[in-house]
Amino acid sequence: MNVRRSAAVLAATVAFGTAAPAMAASPSPSPSLPSGLYGSGDPTYDGVWRQSLAIVALHRVDVEPADAAVAWLAGQQCASGAFPAFRANPAKACDAKLMVDTNSTAAAAQALSAVGGHGTAVTKAVTWLKSVQNKDGGWGYTPGGPSDANSTSVAIGALKASGDDPAKALKGGNSPYDALLKLSLPCADGGAFAYQPDKKGKLTANADATAAAVVGALGQGMVSVKAGDKKNAACTDAARPTPAGAAANGSAYLAKAVAKDGHLTSALPGSENQPDYGNTADAVVALAVQGGPAKAREPLAWLERNSAKWAEQNGPAAYAQLILAAEAGGADPSDFGGTDLVKQLTATGPGPVKRHAITSQDDSDTSVWWMVGAGLAAGAGIGFLLSSRNKRKQP
């Protein structure tokens, strides 16, 4: 669910990638941008993604997004049911030149499911996802592309949001869980997940893919994620690993990865290692989904101390990631290291927004920080989980 662009799409030249510019937040969108869009940065490569994350994050903290924000997202859908990263002219029918992708489609399906009233659009999106599912049970970023852990995980979230059972979404006799298991590494290699095999078929641990796959392997998505209470202290090999077992191993890998500095690191070619805020937020969600908020305490505390400038520079998707991480880890998104993440997010898009009163225990699953003891959380699978915005290999 990293806000940076995906290397997989860079390969297709229409990409989220490691060299993406920051997407600055502003009190209101630029007049040249759609009035319903969150953020003032160029939406060409991430418009639907960041809009979807923003809507899901607001839903999770019981804030109603503006009608204009939801309408803009719904208007991005093509007749096929698929979503592109950005559709500049929704009045013009989608054609073969417009690139649609699984990540945008799956994220939008989850966001529209969260706000309600868009059942037909959600069904069409999921139907399209099923139509481009690979024979190994997974999905690539683009239709027909090799399956990867991030795309498969965010698609699982969409299936879950639509009421479908991911285990029954079969292609070639394989489910999405089978695809994820093929990308899981043995404990000798850390127990992580790979993004996808390299050209020689080798799997290499990838922290971003692992964070997404932990949530996906547990059958969860951005809208419905709940914090878990399973042990994840050590990796355990099995002759025939289950999705839950692979998720536990992946969580153990993430716990070890953040133990030294409290965060994940990334390195661009030719540059020194640097903190990876987005993937650290995703790791917080994954750790909480597997083992509960206590397992995510240290990286969450690091984000509280250090993420304000990063979020300000990167805008709505970054604020959304931090809201989801805060909620999963039992922190208050309205006072996250002294920053009101909800206020900052809503300031990047259309108003007004309305916060509903909590009226029953049932509402605790949309606001963990009000009822930490309920142990409920939000995440992705970006699609946290939620999906994937950084496909670089990480230690």
**Prompt:** Projected area of segment 276-345, taken from the Cα convex hull and averaged over every viewing direction, in nm²?
**Reply:** 3.7
**Asked** Taking the Cα-to-Cβ direction at SER80 and at ALA294 and moving 7 Å from each Cα, how far apart do the two end points lie in nm?
**Response** 4.9
**Request:** Choose one of SER113, ASN134, GLY157: the residue whose Cα lies farthest towards the positive end of the charge dipole of segment 84-157 (beta-carbon charges +1 Lys, Arg; -1 Asp, Glu; about the Cα centre).
**Result:** SER113
**Asked** Ignoring any ligand, DNA or RNA, what whole percent of the accessible area of segment 242-315 comes from carbon and sulfur when the probe is 1.4 angstrom?
**Response** 49
**Heavy-atom accessible area ranking, 1.4 Å probe, most first, across THR127, THR102** = THR127, THR102
**Prompt:** Between segment 122-185 and segment 52-91, what's the alpha-carbon centroid distance in Å?
**Reply:** 21
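Work out the FRET efficiency for THR236 and THR120 from their Cβ-Cβ distance, taking R0 = 45 Å, and round it to the nearest 0.05. Walk me through the intermediate numbers first.
Numbers: r = 44 Å, r/R0 = 0.97.
E between THR236 and THR120, to the nearest 0.05, is 0.55.
Kirkwood hydrodynamic radius, computed over distinct alpha-carbon pairs, for segment 263-313: how many Å, to one decimal?
Working: mean 1/r = 0.0868 Å⁻¹.
After inverting the pairwise mean of 1/r, the radius is 11.5 Å.
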**Message:** Using only the heavy atoms of the protein chains and a 1.4 Å probe, how would LEU203, LEU264 rank by accessible area, largest first?
**Reply:** LEU203, LEU264
**Asked** How much area per residue is accessible in segment 212-352 when the probe is 1.4 Å and only protein heavy atoms are counted (Å²)?
**Response** 39
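The values are calculated or read from the model by the stated rules, or taken from the named source; none is laboratory data. Everything numeric here is computed off the predicted structure, so don't read it as measured data. Quick reminder, even Gly has a Cβ in these numbers, built from the backbone with ideal geometry, and neighbours come from all protein chains shown. Accessible surface is based on the protein model in full, side chains and every heavy atom, while ligands, DNA and RNA are left aside. Shrake-Rupley method; radii C 1.70, N 1.55, O 1.52, S 1.80 Å.
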